[in-house]
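*Asks:* Input: one structure, supplied below.
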Amino acid sequence: MNLESFLLMRYEIGLLAVILLLIVFEIFLNKKHKGSLIDIAIVLFTIHTIIGFLPLADGSIFGGMFKTNALLHFFKSTLNVGVLILLLQSADWLKEKVVQQNKSTEFFILLFSSLLGMYYMISSGDFLMFYIGLELATLPVAALVAYETFKQDSAEAGVKFILSSALASGTALLGVSFLYATTGTIYFDAMAEVLTMSNLSILGFIFFFSGLAFKISLVPFHFWTADVYEGAPISIASFLSVISKGAAVIILMIILFTVMKPLMPVWIKVIYMVSIATMFLGNIFALRQKNMKRFLAYSSIAQAGFILLGFLSNDQLGYTTIIYFVAIYIFSNLGAFGVVQAISLATGKENMDDYEGLYRTNPKLSLVMMLALFSLAGIPPLAGFFGKFFLYTAAASQGYYLLVFIAVVNATISLYYYLLVIRAMFLRKNENAIPFFKSQPYMRLGLLLASIGILVIGMYSPIYEYIYSISNSFLN
Amino acid sequence: MIEGISIYEILTLSSIVFFVGVYGFFTRENLITVLMSIELILNASALNFVIINTYLYPDFLQGAVFSIFIIAMAAAETALAIAIIINLYKLVASVEVKDTEKLKY
C-alpha cells in the first residue's frame, strides 16, 4: 500500500484533518474567543469543499472494502456543498444559543463525524464497511438531535431517533446475515456473482430494505420522521432531511443495481408499492400540518416517494435521474429550512399562521421560500420541475404509465399545500405580521447559495449532461 | 460446530430471539426495556452471523469478524441511548413512554 492508494480516500482524510484541527483549536483557544471557532470551522470546511472539486482517480483499496469512482466523487462534493450551506445557515443559531453553553465545537465535530460516516457508507465495497459507515453516520446525529439538553422536545426526539434507528440497523443486519447465508460472502462484487433468486435471499433483501427504508423514511417506516424533525434543532432537522437522506438513497441505488441485481423482479415490485404508499401518505399528512417543521417533514417523505420512481428504470437514464433529483432536492430543501431557521431565530415562531403577511415585511425571505417551495412542487422554470420530469420519463420509458399517472396526481396534491404557505405569505394581510428583521451575513450567504443552486441546476444543462456521463461509473 | 445440534435449531432460536425483540420494542412501556429489546435484536443478528459462519462457511472468518463489530457498535449505541434517556429523565423525572411523549400529531 503506497501513498497513491491512500490518496483515494482524499475526502475522508481531509474531513478527518478538519475534525482534528477543530479539536486542537478547542483545546488551545482562549475561552473569550470561543465564538471565533464557528468562523474557523466554516473556513476549514470551505477549504475542504474546494479541495473536493479537484480531480481524483478511480480505484479500490483494502481488498475491495473501499471503492471510489467519478459518481461518488460528484456526490461527495454535492454533500459537501450541502453541509457548507447548512453550516452557514446555522452559524447564527450557534452564535446566539450554543456558544454560551460552551459546546459549539462538539456540534461541528459530531456533524463532521456523521458526514465522514456517510462518505464511508457510500464508498463501501462490502457489508461490514457499509454497516460501520451507517452507524458512524447515525449515532452522532442522534446526539445532535438531543443537543438542546434543556428542552424536553429535543430529548424526546433524540430518544425516538436513536431507538428507531437502532431497530432499523438491527433489522438490516439480520437481512445481511441471510444474504451471507445464501452466498457465503459479504463483499459486494463476490455476492453479485453468486446471488440467486431463492426464498432466503428474498427474505434477506426484504429485511435489508426495511432497514434502509427507515433512513430514507419511506412508508411504512416513516413514523419517527415528523416527531424527530419537530423536536430537533432546525439545522439538524435540515441535515436529516437533506444530507442523511441523500446519502442513504445513493447507497440504496448502488446496492440494488449491483449486488441485488439478480433479485430485480422482486425489488421492482417492492419499490413500486412503497413508492405509491409513500407519496400518498406523505402528501395527505402534509395537508393537515400547521407547524412548519412537521410540514417540511411530511413533504420530505412525499419527495422520497418520488425519488423511488427513478429506481424502476435500470439504465443510465434511471441512475442519472436519481442523482439529479437528489441534488436538486438537497438545494430546495436547504432553502426552505433556511428560511424557517431565520424566522425561528429572529422571532421564535414556527407555525404556518405566523407567516401571514410575511411578504410585506420581509420580501427577500419570502422570495427565497417561494423559490424553494416552487422547486419542491415542480413549477417549470425551477430545478424541481426538471428533476420530476426526468423521473417521470425514466419510469414511463419502462412502461409504468399507471405509476406515472399516480405520481402526477400526487404532484398536484403537493402543489396545493405548498401554495397554502405561499398564499399565507403573499396574499394574506395580517396586523401582527412578523416585523422586518435583518439576518446576519452568514445566513444571507447560505440562503443565496441555496437559491443559486435551485436556479442553476435547473437551467444550466451541462450539469445534467455531466451527471449522465458519469452515472454509469459505479457499475464497474 | 456443536455435536447433535443442527443449524436449523440454532437459526430457529435466533429467529425467536429476534421476534421477541421486535415484539418487546413495540409493546414495552419503559424506555429501558425498549432498549433491552433492541439488544435482543442486535444479538440475534450477531448470533446468526456466527452460526452461519461456523456451520456453512468455516473456511473464512467473515461472519465471526462481522459479529465482533456488531457487538462493538451495539455497545456504542446503548451508551448513547442511555445518555439521552438519562437527560430525558432529568427533565421529566420518568422513563415511562406515556409520561415522556409530547410530540404527537
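*Asks:* Farther than 23 Å from A:LEU134 by Cα, at the interface with chain A (Cβ under 10 Å from one of its Cβ atoms) and in a helix (DSSP H, G or I), is that true of B:ILE51?
*Replies:* Here the answer is yes, as B:ILE51 does meet what is asked.
*Asks:* Ok, one more. Does the range A:223-232 include one or more residues that are away from every other protein chain (no Cβ under 14 Å) and either open to solvent by 20 Å² or more (accessible area, probe 1.4 Å) or assigned to a helix (DSSP H, G or I) (or both)? Give the derivation first.
*Replies:* Keep residues of the range A:223-232 that are away from every other protein chain (no Cβ under 14 Å), which gives none.
No, there is no match, as no residue in the range A:223-232 is away from every other protein chain (no Cβ under 14 Å) and either open to solvent by 20 Å² or more (accessible area, probe 1.4 Å) or assigned to a helix (DSSP H, G or I) (or both).
*Asks:* Further question: Is the range B:65-85 home to any residue that is touching a residue at least 40 places away in the same chain (Cβ under 8 Å), open to solvent by less than 70 Å² (accessible area, probe 1.4 Å) and within 7 Å of chain A (Cβ to nearest Cβ)? Write out each step before concluding.
*Replies:* The initial filter retains those residues of the range B:65-85 that are touching a residue at least 40 places away in the same chain (Cβ under 8 Å), namely B:78, B:81-82, B:85.
In the following step, the residues that additionally are open to solvent by less than 70 Å² (accessible area, probe 1.4 Å) were identified as B:78, B:81-82, B:85.
Still in the running and within 7 Å of chain A (Cβ to nearest Cβ): B:81, B:85.
Checked the range B:65-85: at least one residue is touching a residue at least 40 places away in the same chain (Cβ under 8 Å), open to solvent by less than 70 Å² (accessible area, probe 1.4 Å) and within 7 Å of chain A (Cβ to nearest Cβ).
*Asks:* So, one more: Being part of a helix (DSSP H, G or I) and open to solvent by 60 Å² or more (accessible area, probe 1.4 Å) is the filter here; which residues of the range A:422-455 pass it?
*Replies:* Matches in the range A:422-455: A:ARG423, A:PRO441, A:ARG444, A:LEU445, A:LEU448, A:LEU449, A:ILE452, A:LEU455.
*Asks:* Which numbered condition in (1) under 27 Å from B:VAL95 (Cβ atoms); (2) within 14 Å of chain B (Cβ to nearest Cβ); (3) touching a residue at least 60 places away in the same chain (Cβ under 8 Å) is the only one that A:SER217 fails?
*Replies:* Of everything listed in (1) under 27 Å from B:VAL95 (Cβ atoms); (2) within 14 Å of chain B (Cβ to nearest Cβ); (3) touching a residue at least 60 places away in the same chain (Cβ under 8 Å), A:SER217 misses just condition (2).
*Asks:* Here is a further query. Could you list, in sequence order, the residues of the range B:92-105 that are more than 9 Å from chain A (Cβ to nearest Cβ), open to solvent by less than 60 Å² (accessible area, probe 1.4 Å) and free of Cβ contacts under 8 Å to residues at least 60 places away in the same chain?
*Replies:* The one that is more than 9 Å from chain A (Cβ to nearest Cβ), open to solvent by less than 60 Å² (accessible area, probe 1.4 Å) and free of Cβ contacts under 8 Å to residues at least 60 places away in the same chain: B:SER94.
*Asks:* Being at the interface with chain B (Cβ under 9 Å from one of its Cβ atoms) and open to solvent by 10 Å² or more (accessible area, probe 1.4 Å) is the filter here, so list the residues in the range A:113-133 that pass it.
*Replies:* Once the filter is applied, which keeps residues that are at the interface with chain B (Cβ under 9 Å from one of its Cβ atoms) and open to solvent by 10 Å² or more (accessible area, probe 1.4 Å), the range A:113-133 yields A:LEU128, A:ILE132.
*Asks:* Answer yes or no: is there a residue in the range A:322-329 that is touching a residue at least 24 places away in the same chain (Cβ under 8 Å), within 30 Å of A:LYS438 (Cβ to Cβ) and either out of contact with any strand residue (DSSP E or B) (no Cβ under 8 Å at 6 or more places or on another chain) or not in a helix (DSSP H, G or I) (or both).
*Replies:* Scanning the range A:322-329 turns up at least one residue that is touching a residue at least 24 places away in the same chain (Cβ under 8 Å), within 30 Å of A:LYS438 (Cβ to Cβ) and either out of contact with any strand residue (DSSP E or B) (no Cβ under 8 Å at 6 or more places or on another chain) or not in a helix (DSSP H, G or I) (or both).
*Asks:* Oh, and also: Considering each of A:LEU88, A:LEU94, A:LEU71 in turn, give the residue that is more than 30 Å from A:HIS33 (Cβ to Cβ) and either in a helix (DSSP H, G or I) or not polar (S, T, N, Q) (or both).
*Replies:* Answer to the check: A:LEU71.
*Asks:* In the range A:137-157, how many are open to solvent by 20 Å² or more (accessible area, probe 1.4 Å), charged (D, E, K, R) and either closer than 24 Å to A:GLY246 by Cβ or at the interface with chain B (Cβ under 7 Å from one of its Cβ atoms) (or both)?
*Replies:* So the answer is 1.
*Asks:* Return a yes/no flag: does the range A:67-77 have any residue that is touching a helix residue (DSSP H, G or I) at 6+ places or on another chain (Cβ under 6 Å), open to solvent by 10 Å² or more (accessible area, probe 1.4 Å) and closer than 26 Å to A:ASP227 by Cα.
*Replies:* no
Rundown of residues vs (1) among the aliphatic types (A, V, I, L, M); (2) open to solvent by 10 Å² or more (accessible area, probe 1.4 Å), yes/no style:
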{"site": "A:PHE295", "(1), (2)": "no, no"}
{"site": "A:TYR298", "(1), (2)": "no, yes"}
{"site": "A:ILE307", "(1), (2)": "yes, no"}
{"site": "A:PHE311", "(1), (2)": "no, no"}
{"site": "A:LEU317", "(1), (2)": "yes, yes"}
{"site": "A:ILE322", "(1), (2)": "yes, no"}
{"site": "A:PHE325", "(1), (2)": "no, no"}
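*Asks:* Still on this structure: Can you tell me which of (1) open to solvent by 50 Å² or more (accessible area, probe 1.4 Å); (2) in contact with a helix residue (DSSP H, G or I) (Cβ under 9 Å, 6 or more places away or on another chain); (3) not in a helix (DSSP H, G or I) is the one B:TYR89 doesn't meet?
*Replies:* Tallying (1) open to solvent by 50 Å² or more (accessible area, probe 1.4 Å); (2) in contact with a helix residue (DSSP H, G or I) (Cβ under 9 Å, 6 or more places away or on another chain); (3) not in a helix (DSSP H, G or I), B:TYR89 fails exactly one: (3).
*Asks:* Give the range B:14-53 a look and list any residue that's touching a residue at least 24 places away in the same chain (Cβ under 8 Å) and among the hydroxyl-bearing types (Ser, Thr, Tyr), or say none.
*Replies:* B:SER14, B:SER15, B:SER45 - these are the residues of the range B:14-53 that are touching a residue at least 24 places away in the same chain (Cβ under 8 Å) and among the hydroxyl-bearing types (Ser, Thr, Tyr).
*Asks:* Part of a helix (DSSP H, G or I), more than 14 Å from every other protein chain (Cβ to nearest Cβ), of a type in the set (D, E, K, R) and within 15 Å of A:PHE325 (Cα to Cα): does that describe A:LYS245?
*Replies:* On the way: part of a helix (DSSP H, G or I): yes; more than 14 Å from every other protein chain (Cβ to nearest Cβ): yes; of a type in the set (D, E, K, R): yes; within 15 Å of A:PHE325 (Cα to Cα): yes.
Considered against the rule, which asks whether it is part of a helix (DSSP H, G or I), more than 14 Å from every other protein chain (Cβ to nearest Cβ), of a type in the set (D, E, K, R) and within 15 Å of A:PHE325 (Cα to Cα), A:LYS245 comes out as yes.
*Asks:* Out of all the residues in the range A:49-57, is one or more open to solvent by less than 50 Å² (accessible area, probe 1.4 Å), under 22 Å from A:GLY133 (Cα atoms) and modelled with pLDDT under 90?
*Replies:* yes
*Asks:* Here's a follow-up. Tell me which residues, restricted to the range B:1-40, are outside any helix (DSSP H, G or I), under 22 Å from B:TYR55 (Cα atoms) and open to solvent by 50 Å² or more (accessible area, probe 1.4 Å).
*Replies:* Those that are outside any helix (DSSP H, G or I), under 22 Å from B:TYR55 (Cα atoms) and open to solvent by 50 Å² or more (accessible area, probe 1.4 Å): B:MET1, B:ILE2, B:GLU3, B:GLY4, B:ILE5.
*Asks:* Is it the case that the range A:334-351 has a residue that's part of a helix (DSSP H, G or I), small (Gly, Ala, Ser), touching a residue at least 12 places away in the same chain (Cβ under 8 Å) and surrounded by fewer than 24 Cβ atoms within 10 Å (Cβ to Cβ)?
*Replies:* Yes, the range A:334-351 has at least one match.
The values are calculated or read from the model by the stated rules, or taken from the named source; none is laboratory data. What you see is a predicted model; the values in this text were computed from it and never measured. Every residue, glycine as well, gets a Cβ built from its backbone with ideal geometry; the counts of neighbours run over all protein chains shown. In case anyone asks, the SASA skips ligands and DNA or RNA and just uses the protein heavy atoms, side chains included. Shrake-Rupley method; radii C 1.70, N 1.55, O 1.52, S 1.80 Å.
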